[in-house]
Amino acid sequence: MADKALLLLAALLVIGLANVVTGSRHRHPDHNSKECSVHHNDKIECGYPGISAEHCHRRGCCFDSSTPGVKLCYFPLSAGA
């Protein structure tokens, strides 16, 4: 029984490390895709003030800094926004 638990733990560790090595937990949508075509008033915040594009994309969200005063990091349409 202990051998099976150890094997399971090792397998989970390998899977976790594989995710770290690839550098991304989520696929981030392309800024120009339909998923990120959200009107400024309909954007739902996905980050925090001052979030970088890299951190926003790691959350699986859209990032757009082209319009001052609107949310930079927001959920894509595929998230139900």
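Just so you know, in segment 23-50 the residues that are outside any loop (DSSP other than H, G, I, E, B) and open to solvent by 100 Å² or more (accessible area, probe 1.4 Å) include one that is modelled with the highest pLDDT, and it is 41. A count restricted to segment 51-74 and to residues that are open to solvent by less than 20 Å² (accessible area, probe 1.4 Å), under 12 Å from the mean Cα position of the chain (by Cα) and among the hydrophobic types (A, V, I, L, M, F, W, C) stands at 4. Figure legend. Inter-residue proximity from segment 51-66: first residues in contact (Cβ under 8 Å) with a residue 12 or more places away in the chain and closer than 15 Å to residue 37 by Cα, second residues open to solvent by less than 50 Å² (accessible area, probe 1.4 Å) and of a type in the set (Ser, Thr, Tyr), beta-carbon distance below 7 Å, spacing 6+ or different chains. Indicated pairs: 61/74; 62/74.
The values are calculated or read from the model by the stated rules, or taken from the named source; none is laboratory data. Computed from a predicted structure; not experimentally measured. Virtual Cβ from ideal backbone geometry, glycine too; neighbours counted across all protein chains shown. Keep in mind that these areas ignore ligands, DNA and RNA; they rest on the heavy atoms of the full protein, side chains included. Shrake-Rupley method; radii C 1.70, N 1.55, O 1.52, S 1.80 Å.
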